[in-house]
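These notes are about the structure you will find just below.
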Amino acid sequence: IARTEAQLTGQTAELTVATDRGADLLTVTVDVVNLAGHKLPSGLPSRRAWLHLLVTRGGGAVVFESGRPTGDGRIEGNAADQDLSTWEPHYDLITSPEQVQIYEPIMLTYEGGVTYTLLRAYRYAKDNRLLPAGFDKTTAHSDIAVHGVLDDEDNFHGGSDRIVYEIDIGGETGTLHVTARLLFQSVSHPFVADLAETNTPNPPLVDQFMDMYDPAANKEEVLAQVQKTVP
């Protein structure tokens, strides 16, 4: 566990943050760099990574927050955590706390509905997982192609992604503090919610899993974090 956590937090991703403050608008530009040699997150499509951006004033009062983990496996503002039939789109620009940049695969059935069951998956509605360095999204085979990202989205390419936050700070005159975190879950809330509805009475495997999952204190890991003071 210790070796896994050390790799996750020190060798998986990097963040850089740039800020530009005007009278009424704070612009925060976050660059996410994928240090892994594969899509991030990789493997089973239950995994997701997302940006948690927090802006506070002196004393800790929240001015803006996008992507806050709620402590029960959900992400505040994420559409899919409230309704399994929908999902959060890929963003180039975020202007509202209800918008969250989530790097994840979203699967569809043959009929076109969202599914979190592998045997029912037919194609992707979304696959904006962070690409490894050298990955050319314009020539990638359909089996590993990017889905749900506009073709002219130049900020999303092999090795990194750039997301811009435009935050209304009208009336704020003091120092602001910006914290950006890239968070990771090995099992997302929609996967767990879908699994919980699966009936396996003999043996009760789903019940056994939920008995372990529900009490778990830490349902996300911090892959990278940056803090910045804006005078």
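Some points to look at:
- Sorting Tyr110, Tyr165, Tyr124, Tyr91 by solvent-accessible area of protein heavy atoms yields Tyr110, Tyr124, Tyr91, Tyr165, largest first, with a 1.4 Å probe.
- A simple count of charges around Ser160, restricted to other residues whose Cβ falls under 15 Å of its Cβ and scoring Lys, Arg +1 and Asp, Glu -1, yields -3.
- Taking only the Cα atoms of region 5-108, the ratio Rg/Rh comes out at 0.98, with Rh defined as the Kirkwood radius.
- Counted charge near Tyr116, where neighbours are those whose Cβ lies closer than 14 Å (Asp, Glu -1; Lys, Arg +1): -1
- Residue-normalised accessible area of region 14-131, expressed per residue, 1.4 Å probe, Å²: 43 Å²
- For region 169-216, alpha-carbon Rg and Dmax in angstrom: 19.8, 62
- Counted residue by residue at 0.36 nm each, then reduced by the alpha carbon distance between them, the extension gain from Val206 to Ala193 reaches 3.6 nm.
- Dividing the Cα radius of gyration of region 62-129 by 2.2 N^0.38 Å, with N the residue count, gives 1.20.
- Max mean-square fluctuation residue, GNM over the chain, Cα-Cα springs under 10 Å, options Asp143, Asp24, Asp214: Asp143
- Using a Gaussian network model of the chain in which every pair of alpha carbons under 10 angstrom is joined by a spring, one finds that among Lys137, Lys219, Lys126 the greatest mean-square fluctuation is at Lys137.
- Size check on the chain: the Cα extents along the three principal axes, sorted descending, read 62, 44, 37 Å.
- Cβ-derived FRET efficiency at R0 22 Å, Gln227 paired with Leu25, nearest 0.05: 0.60
- Computed from the Cα positions only, the extents of region 96-187 along the three principal axes stand at 53, 29, 24 Å, in decreasing order.
- When peptides 176-184, 50-58 are ranked by their average number of other Cβ atoms within 10 Å per residue, the highest-first order is 176-184, 50-58.
The values are calculated or read from the model by the stated rules, or taken from the named source; none is laboratory data. Owing to the predicted nature of the structure, the values given are computational and were not obtained by experimental measurement. Note: ideal-geometry Cβ built from the backbone for every residue, glycine included; neighbour counts use all protein chains shown. Accessible surface is based on the protein model in full, side chains and every heavy atom, while ligands, DNA and RNA are left aside. Shrake-Rupley method; radii C 1.70, N 1.55, O 1.52, S 1.80 Å.
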